[in-house]
Amino acid sequence: MGRKKPTEAELAAQAQAAENARIQQAFEQGTNTLRDLISPSSIEIHGDYFRLGTKYGRTLYIYGYPRSLYTGWISPIINIDEVIDVSMYIYPVESAVVMKNLRTKVTQLEASMNLNAEKGRVRDPELEAAINDAEELRDQLQVGAERFFRFGLYVTLWADSLDELKFVQQKIETIFGQQMIFSKVATSQQEQGINSIMPQCTDQLQIRRNMNTGAISTSFPFTSADLTQDKGILYGINMHNNGLVIFDRFSLENANMVVFAKSGAGKSFTVKLEALRSMMIGSEIIIIDPENEYQKLCDAVGGSYIRLSLNSDVRINPFDLPKVVDSEDANDALRANLVTLHGLFRLMLGGTQINASGQAVPALNANEEADLDQALIDTYARAGITSDPLTHQSTPPTIANLYDTLLHMGGTGPQLAQRLRKYTTGTFAGIFSQQSNVDINNQMVVFNIRDLEDELRPVAMYIVLSHIWNIVRAEQKKRLLIVDEAWQLMKYEDSANFLFSLAKRARKYYLGLTTITQDVEDFISSKMGRAIVANSSMQLLLKQSPSAVDMLADVFKLTEEEKRRLTNFPVGQGLFFAGQNHVHMQIIASSTEESLITTNPGAKKAPGQN
């Protein structure tokens, strides 16, 4: 019995099944290719926009340019805080062809000018400018100083919605329009626009403009914010273009700098790195160190490390006068120090307090202020020091002498003396009530106040700053004064005012003040804190807590993208402001520098770790 032959229908079904299996196999194999994995789910082409997956896009082309272009005219577009793609097409043209066309063009223009003259028409400046430009270009081409090109510029915008796309388009057109550069949407040519933007070198729009070498060179696209000078120190790497941020802070209108960051973001590391590199070019470094972070660096460079505590033998007398040589400063030295001492004693006696109703209550009333002022003058006079600069070389008095003066005068003097007693014979006696024995004749000097009681820290910072200021005024050198954890001074009105006065007057004495704080909200929210920022030409913002970002964005006029980055910066990255320019910067140190600077043994492999 023979086998039954399949019918045509069965053969067709088998063939169809085999074809379906082949297609299924090809499909399953195709979905595993890289192209299928990265390609969008869909593409829709419309008249003036397209949709690629969930993203909307729109391609513009540039069709009009001004008579002349300046270098970096495309920089605002390259650095705009929007998602865009920019494509440039440059086609060289043979000089012989251009010369022939220019000769014809010049002949036409001159004929038009002659015809206007014969008819008695007024001169046409536009026509004359065109002839001059053409003749100048002919001369340059003839000697080989210029070449000729055809230039096409296309910009594709991306957004999450049509409204956002329209907003981005308006920003782009405004930036171009301010430079007399005119753009249009590639209407009904969005598909060609996509293909022209893609990195496959297919110029399907073919909207081109004639340009010579000089004009083409101005469109160089790699023009991001740059902060590189011929002199200065290396601060880090510009994350926009991988360039070096080399800067001399003394080249600005003032050399002050503020550093804001949350704990562990790398602020102390950055400042120590700057101090170390500044020493290499001759700057003296003076540091107020509240947390014992600078001892390792100080010892490594042979600096003076001065440890202030109630148990140490270090003494600083707040009554010291600066040994100034400038006649104007010398005449004013005693009066200036009296003002400083008023602020100091207000701080010693409790500082300005805020009562339950939110009003500021000063530590001294009007009568006490007057009595203290007279007592200070009398105390200096008893030591033989008056407003005459010739008397300023005498041994200055101490707080013990002021205590004795207050105790034996009328009015509120005895009460003030009792309030000061803890600094003369009480708990805090010794450290600030005797003659100074501090020598800061060194290229790096660090004042450590970690071992002081919390109540005494603001007073110590104030006195140390005053002592440093006297030395700065006595001899002008290039110096950096670093005040770490400056928020401790900003808590009190008098110490905040003193720090602000330093920031204002530092430039005159060739001093750069660096203010570091992690308590950003309290610092910025205070009037004096904002004033110090305003008087600092350099600012460094490292990683911030979310609560501080909005406040910093308001002060520094940050974009939305910069605000977002501030909370996500890795350790050692931040925004570096110098004058009107700012860049995204990565702090970087050599292995030798890092071993001297880092205070965290676990962070030695992570440059920038605080």
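The values are calculated or read from the model by the stated rules, or taken from the named source; none is laboratory data. Quick caveat, the model's predicted, so the values are computed rather than measured. Heads up, the Cβs are rebuilt from the backbone with ideal geometry, glycines too, and the neighbour counts pull from every protein chain shown.
The single residue among Ile216, Ile281, Ile237 that is closer than 28 Å to Ala506 by Cα and touching a strand residue (DSSP E or B) at 6+ places or on another chain (Cβ under 8 Å) turns out to be Ile281. Among the conditions (1) outside any helix (DSSP H, G or I); (2) buried (at least 23 other Cβ atoms within 10 Å of the Cβ), Phe523 misses just one, which is (1).
For a quick check of your reading of the model, give me the residue pairs whose first member lies in the stretch 434-462 and is modelled with pLDDT under 80, whose second is among the aliphatic types (A, V, I, L, M), with beta-carbon atoms closer than 6 Å and at least 6 apart or on different chains. Qualifying pairs under 6 Å: none. Taking the stretch 69-96 as the range and being polar (S, T, N, Q) and out of contact with any helix residue (DSSP H, G or I) (no Cβ under 8 Å at 6 or more places or on another chain) as the test, the residues that pass are Ser75, Asn79.
Taken over the stretch 545-585, the criterion of being among the polar types (S, T, N, Q) and buried (at least 19 other Cβ atoms within 10 Å of the Cβ) is satisfied by Gln573 alone. Inside the stretch 133-165, residues that are closer than 28 Å to Gln206 by Cβ, out of contact with any helix residue (DSSP H, G or I) (no Cβ under 7 Å at 6 or more places or on another chain) and modelled with pLDDT of 90 or more make up a count of 5. Within the stretch 58-72, the residues that satisfy the criterion of being closer than 16 Å to Thr218 by Cα and modelled with pLDDT of 85 or more are Ile62, Gly64, Tyr65, Pro66. The single condition among (1) under 17 Å from Val314 (Cα atoms); (2) of a type outside the set (Asp, Glu); (3) not in a strand (DSSP E or B) that Phe447 does not meet is (3). Return yes when Ala129 is under 46 Å from the mean Cα position of the chain (by Cα) and aliphatic (A, V, I, L, M) and no when it is not. The answer is yes for Ala129. Taken together, the residues in the stretch 556-576 that are among the charged types (D, E, K, R) and in a loop (DSSP other than H, G, I, E, B) amount to 1. In the stretch 153-168, the condition of being free of Cβ contacts under 8 Å to residues at least 24 places away in the same chain, farther than 15 Å from Asp81 by Cβ and assigned by TED's automatic domain parsing to the domain that holds Lys100 is met by at least one residue. Residues of the stretch 322-344 that are assigned to a loop (DSSP other than H, G, I, E, B) and either surrounded by 16 or more Cβ atoms within 10 Å (Cβ to Cβ) or at pLDDT 85 or above (or both): Pro322, Val324.
Based on this model, can you work out whether Ala553 counts as under 25 Å from Ala429 (Cα atoms) and part of a helix (DSSP H, G or I)? Judged against the criteria, Ala553 is not a match.
The number of residues in the stretch 476-496 being in a loop (DSSP other than H, G, I, E, B) and either under 26 Å from the mean Cα position of the chain (by Cα) or in contact (Cβ under 8 Å) with a residue 40 or more places away in the chain (or both) comes to 7.
Residue selection: Asp404 fails the criterion of being acidic (Asp, Glu), assigned to a loop (DSSP other than H, G, I, E, B) and at negative phi. Out of everything in the stretch 577-593 that is free of Cβ contacts under 8 Å to residues at least 60 places away in the same chain and not in a loop (DSSP other than H, G, I, E, B), what residue ends up being nearest to Leu297 (Cα to Cα)? This residue is Thr592.
Condition check: at pLDDT 75 or above, under 33 Å from the mean Cα position of the chain (by Cα) and in the same structural domain as Thr187 (by TED's automatic domain parsing). Does Ile80 satisfy that? Yes: the conditions hold for Ile80.
Hey, any hits in the stretch 268-282 for a residue that's surrounded by fewer than 16 Cβ atoms within 10 Å (Cβ to Cβ), more than 18 Å from Leu540 (Cβ to Cβ) and in contact with a Lys or Arg (Cβ under 7 Å, 6 or more places away or on another chain)? Looking through the stretch 268-282, at least one residue is surrounded by fewer than 16 Cβ atoms within 10 Å (Cβ to Cβ), more than 18 Å from Leu540 (Cβ to Cβ) and in contact with a Lys or Arg (Cβ under 7 Å, 6 or more places away or on another chain). Scanning the stretch 153-190 for residues that are over 31 Å from the mean Cα position of the chain (by Cα) and closer than 17 Å to Tyr89 by Cβ yields Leu153, Tyr154, Ser183, Lys184, Ala186, Gln189. Just to be sure, is Phe148 assigned by TED's automatic domain parsing to the domain that holds Ser68, surrounded by 14 or more Cβ atoms within 10 Å (Cβ to Cβ), among the aromatic types (Phe, Trp, Tyr) and over 34 Å from the mean Cα position of the chain (by Cα)? Taking the combined requirement at face value, the residue satisfies it.
Please verify whether Ala553 is more than 29 Å from Ile237 (Cβ to Cβ) and small (Gly, Ala, Ser), treating the condition exactly as stated. No; evaluated as a whole, the condition is false for this residue. Only residues that are assigned to a helix (DSSP H, G or I) and within 21 Å of Arg450 (Cβ to Cβ) were counted in the stretch 497-519, giving 1.
Looking at Glu191, is it touching a helix residue (DSSP H, G or I) at 6+ places or on another chain (Cβ under 9 Å) and touching a residue at least 24 places away in the same chain (Cβ under 8 Å)? Against the criterion (touching a helix residue (DSSP H, G or I) at 6+ places or on another chain (Cβ under 9 Å) and touching a residue at least 24 places away in the same chain (Cβ under 8 Å)), Glu191 does not qualify. Does Tyr65 meet the test of being surrounded by 16 or more Cβ atoms within 10 Å (Cβ to Cβ) and within 24 Å of Thr213 (Cβ to Cβ)? Spelling it out, Tyr65 is indeed surrounded by 16 or more Cβ atoms within 10 Å (Cβ to Cβ) and within 24 Å of Thr213 (Cβ to Cβ). Exactly one residue among Thr567, Thr559 is at pLDDT below 85 and over 23 Å from Phe269 (Cα atoms), and that residue is Thr559.
From the list Phe250, Phe319, the lone residue that is assigned to a helix (DSSP H, G or I), in contact (Cβ under 8 Å) with a residue 40 or more places away in the chain and more than 20 Å from Gly572 (Cα to Cα) is Phe250.
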